[in-house]
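Since the structure comes first, as structure tokens, the remarks are kept for the end.
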Amino acid sequence: MKIDRRFLLRGTCQGALAVMGLPFLDCFLDSKGESLAATGRPLPTRFNTFFFGCGLTQQLWIPKTGGKDYEMTPQLKPLEPYRAKLNVFSGLRVPLDDNPNIQHWSGAAAAATGISPTKPNEFGSKTIDRQIADVISHGARFKSISASAAGDPKQSYSSLGGANTLPAEASPLSLYTRLFGPGFQDPTKGDWKPDPQALIQQSVLSAVADNRKRVMQNLGTADRARMDQYFTSVREAELQVAAQLQRPEIQAEVAIPAAPAEMVCNNSLPNLRNVTPLMARLGALALATDQTRVFNLSISEPTSSMFVPGDSLGYHQSTHEEPIDPVLGYQPQVAQYNLDSMELFAMLLKELDTVPEGDGTVLDHSLVFAFSESGNARVHDANGLPIFLAGGASGRMKAGYHVAGDSSPVSRVGLTIHRAMGVSLDVWGKGSMEIRQPYTDLLA
């Protein structure tokens, strides 16, 4: 069988020709490789992330005692209603090894991957949300969904590795359209039926299956490996299509709202207070209806540009230019922005905890990983990142604890997340952040 760059996998679909192209294989190249040669299943456990820039003020957020009976500090007060479903982590390290401290980036990348980054705005591997999505998202319509409350698609901390960051939905309307627009079938309605386009896609993928087996027999070792990788991605597409052909088995009591109106989405705090709960609500509904099992929400870039109208500095600039109050011992305006960030985080938890599902809520069947990039934004110190885990992970995660600073690498939280999400993983992270011991006391 002759295989060249124009070769197509062929089959028949509904009486018509179905075709699929191939990836770029070695056999398409010349000898130098430089040119062409011519039911009854349990409820799914969901994963969420929440990112907020510029950290918190250490003396205002870190409880003085560890364990179950810690006090809710001033900056944790917005999270008080969720104390029983929340774990607080302080004193975690971000070892850089021989890499530079990339200001407002090293901490975020380390928390999301367990790897110290070497370049700004790049990740050393897939981020934790995508790693978990690879395991838990089979059967969901979307592998993961990201949203930026500040209206910037670049404010995403979900990546396939390197600079391959996945863009975020940048408005409630775009998020709604992605989730509940064309192609959405409401699983709560009695007239649910598969999307005809999904049926056609499934038929095309099935039609070329026999042809691709014959093609594999005519390839060299390297090209077979490349084709295996290619068909792994094709298989993911097949699973996504198959998910659209099955009515999701849901237990949540939800009603899909009408599409939201266009809204102003930017870094203004009043706008963030309007947009964040709406995006959080749409994310909670998406999880409840099994449109996705991984939802990421961010409220800022690492150098947070959040501002209050009338404030000439804004959040990030205030961390560097606002004087430390000699009586208070901290920067008052920065502390207020910190508190605002926690109030926005609480909005996500509220929406997840408002949707009844089975014997609890969507939050009870989720794990929420909230993180920042700075332990002390004033001096660009990544150590001491504020880290939070919320939700019960379907009974796999104990909650209500302050895990006081034991100088563990931040990657220890990441390994704990994997274990709580049912991901079989012995080690996570690299270099000084390679970790084999999760917080076993938190795992149920």
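Listing for the model above:
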quantity: Residue within segment 21-44 that is of a type outside the set (S, T, N, Q), in contact with a strand residue (DSSP E or B) (Cβ under 9 Å, 6 or more places away or on another chain) and at pLDDT 60 or above present; calculated: yes
quantity: Matching residues, segment 372-398, being in contact with a Gly (Cβ under 8 Å, 6 or more places away or on another chain), crowded, with 24+ Cβ neighbours inside 10 Å and not in a loop (DSSP other than H, G, I, E, B); calculated: A377, M397
quantity: Pairs with Cβ under 8 Å, 6+ apart, first in segment 84-100 and surrounded by fewer than 21 Cβ atoms within 10 Å (Cβ to Cβ), second of a type in the set (D, E); calculated: G91/D406
quantity: Selection from segment 270-285 of residues that are of a type in the set (D, E, K, R) and within 18 Å of the chain's Cα centre (by Cα); calculated: R281
quantity: Top-ranked residue of segment 316-336 - restricted to ones that are loosely packed, with under 13 Cβ neighbours inside 10 Å and of a type in the set (A, V, I, L, M, F, W, C), ranked as farthest from S300 (Cα to Cα); calculated: V327
quantity: Residues of segment 95-118 satisfying the condition of being at pLDDT 95 or above and over 26 Å from L56 (Cβ atoms); calculated: T118
quantity: Any pair with Cβ under 6 angstrom, 6 or more apart, that starts in segment 351-366 at a residue that is under 15 Å from A399 (Cα atoms) and ends at one that is in a loop (DSSP other than H, G, I, E, B) and hydroxyl-bearing (S, T, Y); calculated: H365/T45
quantity: Residue that is touching a Ser or Thr at 6+ places or on another chain (Cβ under 9 Å) and under 16 Å from K350 (Cβ atoms), where the choices are R273, R281, R293; calculated: R281
quantity: Test: residue in segment 407-417 that is assigned by TED's automatic domain parsing to the domain that holds L96, crowded, with 18+ Cβ neighbours inside 10 Å, in a helix (DSSP H, G or I) and among the hydroxyl-bearing types (S, T, Y); calculated: yes
quantity: P194 vs. criteria surrounded by fewer than 18 Cβ atoms within 10 Å (Cβ to Cβ), modelled with pLDDT of 60 or more and within 29 Å of the chain's Cα centre (by Cα); calculated: no
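The values are calculated or read from the model by the stated rules, or taken from the named source; none is laboratory data. As the structure is a prediction and not an experimental result, all values here were calculated from the model. As a convention, Cβ positions derive from the backbone with ideal geometry for all residues, glycine included, and neighbour counts pool all protein chains shown.
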